[in-house]
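The values are calculated or read from the model by the stated rules, or taken from the named source; none is laboratory data. Only a predicted model underlies this, so the values are computations on that prediction, with no experimental measurement involved. Don't worry about glycine lacking a Cβ; one is built from the backbone with ideal geometry, like all the others, and counts go over all protein chains shown. To get the accessible areas, we keep the full protein, side chains included, count just its heavy atoms, and leave off ligands, DNA and RNA. Shrake-Rupley method; radii C 1.70, N 1.55, O 1.52, S 1.80 Å.
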Amino acid sequence: MSRIAADLKHGCRILSRAPGVTATALIALALAIGANTAMFSVVDAVLVRPLPFPDADRVVMVWEDASQIGFPRNTPAPANWRDWREQNTVFTEIAATRSGSFTITGGGPPEYVIGRRVTPSLWSVLGTRPVIGRTFTEGEDRGDVRIVVIGYGLWQRRFGGETSVIGRKMILNDEPYEVIGVMPARFSFPNRRTEIWTPIAFTPEDLAKRSSHFLQCAARLKPGVSVEQASAEMRVIARRLEQRYPDSNKGVGAVVIPISEQMTGNTRRRLLVLFGASGFVLLIACANIANLLLARAAGRSREMAVRAALGAGRSAIVRQLLTESLLLAGIGALLGVGLARAGMIALEKLIPAQMAPVDLGLDWRVMAFTVGATFLTGLLFGAFPALTLGRGGLNTALRQGGRGAAGAHRQWMRDGLVVAQTALALALMAGAGLLLRTLHNLQQVDLGMKPDKLLTLSTELPASRYPDHAKQVNFARSVLEKIRAIPGVVDAGYTSDLPLTALGNTNGYIVEGQTDVEANTQDALFRVVTPTFLETIGARLREGRFLTESDREGGLPVVLINETFANRHWPGQSPVGKRVDNSGSEPNNRRWVTIVGVVKEIRERGINIDTKPAVYMPLAQSEGYWPEPADLAIRTAVDPVTIVPAVRRAIGEVDKDQPLSLIRTMDDVVAEVLAADRQQMWLLVAFAALALVLAATGMYGVISYLVSHRRREIGVRIALGATPAGVLRTIMGRGLALVGGGTVLGLVLAIIGAQWLQSLLFGVQPQDKATIAIAAALLAAIGIAACIAPARSAARTDPAIVLREE
C-alpha cells in the first residue's frame, strides 16, 4: 500500500510538471468518459434494465400480420382474439385491450385523460400489482360495472396521493366510477400517456366481429415456451382461421413480439449506434492521450534509466507509469461525470414513448460502468508508454540522453495510433453525414399541407353527453362558428386524425364495378372531416372540388380521395363522379358515395412512411361510420399560441365541461415527428466533431514530435544544401502518408458501419459515395492542415543554431 501511495504522490508531481499535456489529456478524457457515461445511462434504462413486469421476458404482444395491406403488426379483431385464446397451447393467457378516452369532471377543472379498456386477464399477463387497492376480476368485466384502476401520476395530480382514494367516486364521461386501485409509478401499458384502465366488457356482438380491427393483445408465455415456438403455433392457428373464414381472414396471419422489443421499437438501433459512436470517441481519446504520453516518454527515457540504475526493476517502472495513467484517467472521469449528469437531461428525450418516464441518474450501475471504463481507459492509453519505457535499452538511453534504440519503435507506435484515430474519426463522420442527409431529406418531404400558423388541439366528446351523431355535428358547428369569430383566425376545421399522427384508422372499400374477391385485400385511410378542414390545413386540390357546407345529411353522399387512391384505380383518367363504398356493407346493401374531388397526397401516417389510399368524408354524412372527428385545426394570421385563451373561452361557451388536450402548433407536431432523427443526428455530429478534433490534434502531435526528434538531422540537411521547400515536402509527405493510411482504413470501417444505420436512413443509401467522399475529403483537409504548422517550422530551421546547440 505504501508503494501505491508513493507512486500516486510521484504521479501527481509528474502531471503537475507538464500542465499543458495534463490539461489536454484531461479535457479529452472528460469529454469522452462523460459522453460514454451519459449514453450508458440511457442504454441501461431502455435496453438493460428489466421492464416493470415480473418475468418480463415471458410477456409478449400478439398482432395480426396484415402485410398485404401494409400493416405487418395490425390490431386484431375481437373474434380472432377469442379464437386465439381458445386454440393456443403456448400462453397462460392472452389479454385484450382497446383504446378509451375519458373526460374527468368534478373535483377540479375538466381534464381529458387517455385510458384503456382491458380484459381482467391483463393483470395476470403483466403480473404487476397496484401500490394500493386491487385490480378488477372476471366477474366485474360487465357493462353495468363502473370501476377504474388509475395511474400513479393521475393519483398524485388529481388526488394528492391520498390513500383514501380507494373506494372514492370519480366522474368519467359523466358517469361515476369507483377507484379500486393505483398502479406503480414505473408501470406503463401500453404507453406512458395511459392513466386509466377499466373493464372492456365485450358484448356477444363484439366477439363476433372479424372485420373490425381495434385491439391490442398481450400474452404470457408458458414456462419453457420460446417466442419462436409461440410464433409458429400462432401462424398455424391463423392459417386455420383463414381457411374457416376466408371472407374476413384471407391473408391475415399472426405475429408474436417480445414486449421489450415492442416498447423499444426503433430506439434500440438508435441507442446502439450512438453508444457505439461514443465508444469510438473514447478509443480516439485513448489513442490521442497515448500519443501525448509517448511524446513525454521520449523525454523521460533518461529519468527511467537513472531509476533503473539506482535499483528500480522493470515491474516498478511499469507500475509507476500505469499509476500515472490511471491517476490521469481518474481525474478525467471525475470531470466527465459532471458533464454526463448535464447531458443526461437532454438524453431523456431518447426514452421511447411507450416506456414509463425514467429519471436518468448516476446510480450504482452507471457508476460501476464509469469506474470500469475509467480503469480500462487508463490501462489502454498507459500501456503504450509503459511498454516502450519498460522494455530493454535503458542503459543505452542513459548513455544517449533519451535518444535510444526505442525511438524507432516508439515512432512506429505513434504512427499506428494516428492512423487508428483517423480511421475511427472518418467512420463517425461518414455516419454523421448519412444522418445529416436523412434529416435534410425528411425536412424536404412535401407534407401536402402548410404547417405554419396552424394551431391544433383535441376535444374528445364523452358519449354520455353526445350519444348521437346529430349532437356531435352540432357541437362541431357551434365550436367552429365561435372559433372563426376570434380576431386573428382565418379558418378552422375538425378531423378524426391530424396529419402525421396516425398510422392506421383504415376501412376496407370496394370500387363500383369490382368484385368482392378483387376488393378483399383493399383498405384506405379513413378520415371524417368538417367541410373546411382540408382548406384550413392548406391541402391542394388536384381536380374536382373541396367539400362544402352543402354536403349535408340527406344530400348526395360524397367523399374526397387522395392521389394514391386515384392513381391506383383510375390511372390517366379522372375519378370524379366515380363511386366507392367503404362502409363494409353486404353486397346487396352497399352505401355508395360519389367522389367529388382529389387532393394532393397528405402525409397522414408520417414523413418517412409509405403513403396509402385515403378517403375524406364530410362529418354531416358520416353517421354510422367510425371514428368521430375530435382534432381541431385553426389557421391564424397571428402567432397561433396567442389565441389559445380565446379558444378555451369559445369552446367553454359551447360546453363548460369540455376539456381541451394536446394543444400545440402543427410546427410542433412536425418537430415531434422529426425529434428522434434530429437528436440522433446532432449527437452523432457532436461525436464526429470531437473525434475530428482529437484526430487532428493527434496528427499535429505526431508531426511536431517528428520535427523535434529530427531537428538536428533537418539542420544538417539544410546545411548540406537541402531547400526549405524540399524539407517541407518531406515532412508533409509523412503527414500525407498517415492521413492516407487512416483514410483507407476509415473507408472500410465506414462502409461496414453504415449497414447499422440502414434502418435509420431515408432517401440515402448506406454506401452513399458522395457522403463518404465528402467525409473523407474533409478529414484529409483537416489532417493536412494539422501538418502544415510543424512542417513549416521544420522548413524554417536555422542549421547554425541547431549545430551550435549540439
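Quick notes
- Considering (1) on the phi > 0 side of the Ramachandran plot; (2) free of Cβ contacts under 8 Å to residues at least 12 places away in the same chain, the lone condition that TYR466 does not fulfil carries the number (1).
- Here TRP626 passes the criteria (1) more than 30 Å from VAL593 (Cβ to Cβ); (2) modelled with pLDDT under 95; (3) open to solvent by 30 Å² or more (accessible area, probe 1.4 Å) except the one numbered (1).
- Residue within segment 562-570 that is under 24 Å from ASN608 (Cβ atoms), hydroxyl-bearing (Ser, Thr, Tyr) and in contact (Cβ under 8 Å) with a residue 24 or more places away in the chain present: yes
- PRO54 satisfies every condition listed in (1) open to solvent by 60 Å² or more (accessible area, probe 1.4 Å); (2) out of contact with any helix residue (DSSP H, G or I) (no Cβ under 8 Å at 6 or more places or on another chain); (3) at pLDDT below 90 except (3).
Matching residues to (1) touching a Phe, Trp or Tyr at 6+ places or on another chain (Cβ under 7 Å); (2) under 23 Å from ALA356 (Cβ atoms); (3) not charged (D, E, K, R):
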{"site": "ALA30", "(1), (2), (3)": "no, no, yes"}
{"site": "MET39", "(1), (2), (3)": "yes, yes, yes"}
{"site": "VAL43", "(1), (2), (3)": "yes, yes, yes"}
{"site": "LEU47", "(1), (2), (3)": "no, yes, yes"}
{"site": "PRO52", "(1), (2), (3)": "yes, yes, yes"}
{"site": "MET61", "(1), (2), (3)": "no, yes, yes"}
{"site": "GLU64", "(1), (2), (3)": "no, no, no"}
{"site": "GLN87", "(1), (2), (3)": "no, no, yes"}
{"site": "GLY115", "(1), (2), (3)": "yes, yes, yes"}
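- Listed by first and then second residue, the pairs with beta-carbon distance under 9 Å, at least 6 apart or on different chains, first residue in segment 63-79 and modelled with pLDDT of 90 or more, second open to solvent by less than 20 Å² (accessible area, probe 1.4 Å) and charged (D, E, K, R), are ALA66/ASP523; ARG73/GLU64; ASN74/GLU64; THR75/GLU64; PRO76/GLU64; ALA77/GLU64.
- Matching entry among ARG796, ARG729 (being at pLDDT below 80, over 20 Å from ALA427 (Cα atoms) and either open to solvent by 70 Å² or more (accessible area, probe 1.4 Å) or of a type in the set (D, E, K, R) (or both)): ARG796
- From the options GLY701, GLY726, GLY735, residue that is out of contact with any Ser or Thr (no Cβ under 8 Å at 6 or more places or on another chain) and free of Cβ contacts under 8 Å to residues at least 24 places away in the same chain: GLY726
- The residue list VAL638, VAL576, VAL598 contains one member that is out of contact with any Cys (no Cβ under 7 Å at 6 or more places or on another chain), not in a loop (DSSP other than H, G, I, E, B) and not hydroxyl-bearing (Ser, Thr, Tyr), which is VAL598.
- Every pair of residues 6+ apart whose Cβ atoms lie under 6 Å, when the first sits in segment 435-450 and is more than 16 Å from GLN758 (Cα to Cα) while the second is charged (D, E, K, R): LEU447/ARG603; GLY448/LYS600; GLY448/GLU601; GLY448/ARG603
- Selection from segment 671-702 of residues that are open to solvent by 20 Å² or more (accessible area, probe 1.4 Å), among the β-branched types (Val, Ile, Thr) and over 15 Å from ALA346 (Cβ atoms): VAL673, VAL693, THR697
- Close pairs from segment 89-104: first closer than 17 Å to LEU207 by Cα and among the basic types (Lys, Arg), partner open to solvent by 10 Å² or more (accessible area, probe 1.4 Å) and part of a strand (DSSP E or B), Cβ under 6 Å, at least 6 apart: ARG98/ARG117
- In segment 213-224, the residues that are free of Cβ contacts under 8 Å to residues at least 24 places away in the same chain never reach a residue that is hydroxyl-bearing (Ser, Thr, Tyr) and not in a loop (DSSP other than H, G, I, E, B) with C-beta atoms less than 6 angstrom apart, at least six apart or across chains.
- Failed item in (1) more than 28 Å from the chain's Cα centre (by Cα); (2) in contact (Cβ under 8 Å) with a residue 60 or more places away in the chain; (3) buried (at least 21 other Cβ atoms within 10 Å of the Cβ), with ALA633 passing the rest: (1)
- Residue in segment 648-662 that is in contact with a Ser or Thr (Cβ under 7 Å, 6 or more places away or on another chain), open to solvent by less than 30 Å² (accessible area, probe 1.4 Å) and of a type in the set (S, T, N, Q) present: yes
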